[in-house]
Amino acid sequence: MNVNLPVVRARWCDTGRIVDLVTETLAPTALGAWLVPDEPHRPQVLAAVTRIWVEHALLFGDVFLLQDGSAATVWFHRYRPLPPPHRYAARLAEACGAQHDRFRRLDRSLAHRRPAEAHNHLALLAVPGPDAGHRALALVTGAQRWMDTLNLPSYAEALTEADRDLYRRLGYTDRDAFPVPGDTTLHGMWRPAPVSAGGNARLPARRRTARTRNGRATGWALR
């Protein structure tokens, strides 16, 4: 498969860029509108909640960016049950305000359907802007190569039909479909552990040769 855009593992200093990518991706969706009905206030709330989960993934998973900073994906290593983010209840209430119960309802819906067996969880895919399909393919292909070195199956929740088609192209199969609040249906997707994966050796991390600003991005990716 010909993929020209390199993928890098994100660092803590990339958190702001990743949060912006996820917010830009989720805000226009029906799920984003249900979570935060107040449209002018929506990006602020979604960004605050996303930051909680991106920081958690940097501790209990992996986050990947296209090197140009235009897309991101957020993974959790679910070898065993994970603890919630630090001070999650208090931080969520502070971030969401009146929408707190909506985010908790979504949390419960996702947790109820999540596979019990050990897996790598592709939790967020953020690829806003034009040419999203090409960038999403490059991003997930590169990230999946890293995940496959752990010799575990992978699980993802497809929010759109485009995401679903992408995951199928990369070896995922439909596991189940389930409704979540906001008149939205998510599609659970499952990819078996790679037969050829050789143990747990990780690919060497690629470091950027040029600095990228971590402020607001104009086009990029999600969890």
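The values are calculated or read from the model by the stated rules, or taken from the named source; none is laboratory data. This is a predicted model, so every value here is computed, not measured. Glycine gets a Cβ as well: all are built from the backbone with ideal geometry, and neighbour counts include every protein chain shown. Surface areas here come from the heavy atoms of the whole protein model, side chains and all, with no ligands, DNA or RNA. Shrake-Rupley method; radii C 1.70, N 1.55, O 1.52, S 1.80 Å.
Return the calculated 222 nm mean residue ellipticity for the chain, to the nearest 500 deg cm²/dmol, obtained by summing -39500 (n - 2.57) across DSSP H runs with n ≥ 4 and dividing by the residue count.
Roughly -12000 deg cm²/dmol at 222 nm, from the helical runs in the chain.
Which residues in the stretch 82-110 have a backbone N closer than 15 Å to a point placed 7 Å from the Cα of residue 118 along the Cα-to-Cβ line?
Residues 82 fall inside that zone.
Using Cα-Cα distances under 8 Å and only pairs 6 or more residues apart, what relative contact order does the chain have, in percent?
About 31 percent, as a whole number.
Rank these by accessible area, largest first, 1.4 Å probe: 24, 161, 94.
Ranked from most to least accessible, the order is 94, 161, 24.
With a 1.4 Å probe and all protein chains in place, put 145, 168, 114 in order of accessible area, largest first.
On the way: 145 150, 168 105, 114 60 Å².
The most accessible residue leads, giving 145, 168, 114.
Put a dot 7 Å past each Cα toward the Cβ at residue 161 and residue 80; how far apart are the dots in nm?
According to this spin-label approximation, the distance is 4.3 nm.
Once ligands and nucleic acids are excluded and a 1.4 Å probe is used, how much of residue 51 is accessible, expressed in Å² to the nearest 10?
We get 90 Å² for residue 51.
For residue 89 and residue 110, what is the calculated FRET efficiency with R₀ set at 22 Å and r taken between the beta-carbons, to the nearest 0.05?
0.85
Could you report the stretch 1-139's accessible area per residue, 1.4 Å probe, as an integer in Å²?
Numbers: 6240 Å² over 139 residues.
Ligands and nucleic acids excluded, the figure is 45 Å² per residue.
Of the candidates 33, 143, 71, which one comes out as most mobile in a Gaussian network treatment of the chain with C-alpha springs shorter than 10 Å?
Result for the chain, Cα springs under 10 Å: 33 fluctuates most.
Considering the chain as a Gaussian network with a 10 Å cut-off on Cα pairs, which listed residue, 159, 137, 82, attains the greatest mean-square fluctuation?
Residue with maximal mean-square fluctuation among 159, 137, 82: 82.
By the scheme Lys and Arg +1, Asp and Glu -1, what is the net charge of all other residues having a beta-carbon under 14 Å from that of residue 119? Could the numbers behind the result be given before it?
Numbers: positive: 78, 80, 113, 114, 175, 191; negative: 62, 117, 148, 157.
Spelling it out: positives minus negatives among the neighbours equals +2.
With label points built 7 Å along Cα→Cβ from the Cα atoms of residue 13 and residue 151, find their separation and express it in nm.
3.5
Tell me, what does the Kirkwood hydrodynamic radius of the stretch 13-144 come to in angstroms if you use every pair of distinct C-alpha atoms?
Hydrodynamic radius (Kirkwood, Cα only) of the stretch 13-144 equals 15.4 Å.
Could you pull the accessible area for residue 190 with a 1.4 Å probe, rounded to 10 Å²?
In the full protein context, residue 190 sits at about 40 Å².
Pop out the carbon and sulfur fraction of the accessible area of the chain as a percent, whole number, probe 1.4 Å. Show your work: numbers first, answer last.
Details: 5580 of 10690 Å².
Roughly 52 percent of what the probe reaches on the chain is carbon or sulfur.
Might you work out the accessible area of residue 62 for me, using a 1.4 Å probe with all protein chains in place, and round it to the nearest 10 Å²?
Surface open to solvent at residue 62 totals about 10 Å².
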